[in-house]
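One structure below.
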Amino acid sequence: MKNPYAMRPISIGFTYDAKDDYLARGYDPLAVAEFDSPVTIDAIDRELTALGHTVDRIGSFPHLVERLAGGDRWDLVFNIAEGLSGPGREAQVPAVLEAYGIPVTFGDSLCLAVCLHKGHTKHIVHGQGVRTAPFAVVDTDDFDFDALPLRYPLFAKPVAEGTGKGVLPSGKAANADQLRQACRDLLGRFRQPVLVEEFLPGREFTVGIVGTGAEARVLGVMEVELLDTADPDVYSYENKDRYLERVRYHLATGTVADEAADLSLRAYRVLGCRDAGRADIRLNDEGKPNFIEINPLAGLNPDHSDLPILCRLVGIGYEELIRTIVEAAVTRGRHY
């Protein structure tokens, strides 16, 4: 029988930010924590090549601009570049490729710009009826914390970071004084607004999704269980980095998992995510799933990124995940 998922080989440009390149140039390790290791870059290249495609490693945004100016073109660009600075850093690669009419995997420039800002993301999903914790965005030191119409405890984190950067136990505040200090520390350190939201005390899940629009589907719901050795209350950068000793991952089933899946899929579609992504969900004090944030450019390290871990738990190999992403991008190319 003919494989219904088979596709012809194509030329694929590959954009990414190589962490080692930035470290060699003297960047702080935390500043480039979201960037990719040789393990991730080599694994994606290997799987794309194994699928029969011709892979051209482009690298970061400046290299992409040079290659385009020199006349290079591709059938598709597989993009995992996070960008170095600015509120639209993740949107830079797709924005330029859109101008040149070159298809690109994952979210378009609008999706990536909106979803990087957790406050904008929550405004949109809340407006579409997706349950999310009440929140505010703090952008100055003189913010009136005493007037916040939110219920303590509250939690503060940078509005536009990933990989758990700035997500710390000290972000949990029991009163206005603690919140003021937490926000001032984050404003000073990350030079960006701070998202403040009512703290969600319940279980935490991450939901893997593939596809686009009406074709999008949930791969599975994975619970993130913090062990006694972990930073308490939060899925922090340290907990993610040392997950083998601090975190236990397992598939979730039942009513709560189904509600988390539904909530995530609704948010994914509302925000215009494409091809694959991952939504984070946490239960409130009534046991109801609440949307935390979404990652339309989910990490793809084959060993320790959440989406590949979830895929392994549901029996999906890394090659199958990469194939599914490329096929989703090619299939919807003319429509999104």
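With the requirement that a residue be buried (at least 20 other Cβ atoms within 10 Å of the Cβ) and under 15 Å from the mean Cα position of the chain (by Cα), what does the stretch 294-308 give you?
Within the stretch 294-308, I294, N295, P296, L297, A298, G299, L300, D306, L307, P308 meet the criteria.
So which residues in the stretch 60-92 are over 29 Å from H117 (Cα atoms) and out of contact with any strand residue (DSSP E or B) (no Cβ under 9 Å at 6 or more places or on another chain), if there are any at all?
A69, G70, G71
What number of residues within the stretch 154-179 are crowded, with 18+ Cβ neighbours inside 10 Å and part of a helix (DSSP H, G or I)?
3
Can you confirm whether F199 is closer than 23 Å to L271 by Cβ and among the aromatic types (F, W, Y)?
no
When you go through (1) part of a loop (DSSP other than H, G, I, E, B); (2) surrounded by 18 or more Cβ atoms within 10 Å (Cβ to Cβ) one by one for D228, which number turns out not to apply?
Among (1) part of a loop (DSSP other than H, G, I, E, B); (2) surrounded by 18 or more Cβ atoms within 10 Å (Cβ to Cβ), D228 violates only (2).
In the stretch 66-96, which residue that is in contact with a Leu (Cβ under 9 Å, 6 or more places away or on another chain) and free of Cβ contacts under 8 Å to residues at least 24 places away in the same chain is least open to solvent (accessible area, probe 1.4 Å)?
P94
Please verify whether the stretch 206-218 includes one or more residues that are in a helix (DSSP H, G or I), open to solvent by less than 50 Å² (accessible area, probe 1.4 Å) and either closer than 29 Å to R274 by Cα or not aromatic (F, W, Y) (or both).
Yes, the stretch 206-218 contains a residue that is in a helix (DSSP H, G or I), open to solvent by less than 50 Å² (accessible area, probe 1.4 Å) and either closer than 29 Å to R274 by Cα or not aromatic (F, W, Y) (or both).
Take I325 and decide whether it is open to solvent by less than 20 Å² (accessible area, probe 1.4 Å) and within 18 Å of E215 (Cβ to Cβ).
So I325 fits the description; yes.
Residue check: is R57 surrounded by 12 or more Cβ atoms within 10 Å (Cβ to Cβ) and either touching a strand residue (DSSP E or B) at 6+ places or on another chain (Cβ under 7 Å) or not charged (D, E, K, R) (or both)?
So R57 passes the test.
Look at the stretch 129-153 and say how many of its residues are in contact with a Lys or Arg (Cβ under 7 Å, 6 or more places away or on another chain) and outside any helix (DSSP H, G or I).
Summing the residues that are in contact with a Lys or Arg (Cβ under 7 Å, 6 or more places away or on another chain) and outside any helix (DSSP H, G or I) in the stretch 129-153 gives 6.
Among the residues of the stretch 269-293, what is the count of those that are surrounded by fewer than 18 Cβ atoms within 10 Å (Cβ to Cβ) and touching a strand residue (DSSP E or B) at 6+ places or on another chain (Cβ under 7 Å)?
Residues meeting the conditions: 1.
I'd like the full set of residues that are more than 19 Å from the chain's Cα centre (by Cα) and either under 22 Å from P94 (Cβ atoms) or of a type outside the set (D, E, K, R) (or both), limited to the stretch 249-276.
Across the stretch 249-276, the qualifying residues are H250, L251, A252, T253, G254, T255, V256, A257.
The values are calculated or read from the model by the stated rules, or taken from the named source; none is laboratory data. If you're wondering where the values come from, they're calculated on a predicted model, not measured in any experiment. Methodologically, a virtual Cβ is constructed for each residue, glycine included, from the backbone with ideal geometry; neighbour enumeration extends over all protein chains shown. Each accessible area value is taken on the protein alone, full model and side chains, heavy atoms only, with ligands, DNA and RNA left out. Shrake-Rupley method; radii C 1.70, N 1.55, O 1.52, S 1.80 Å.
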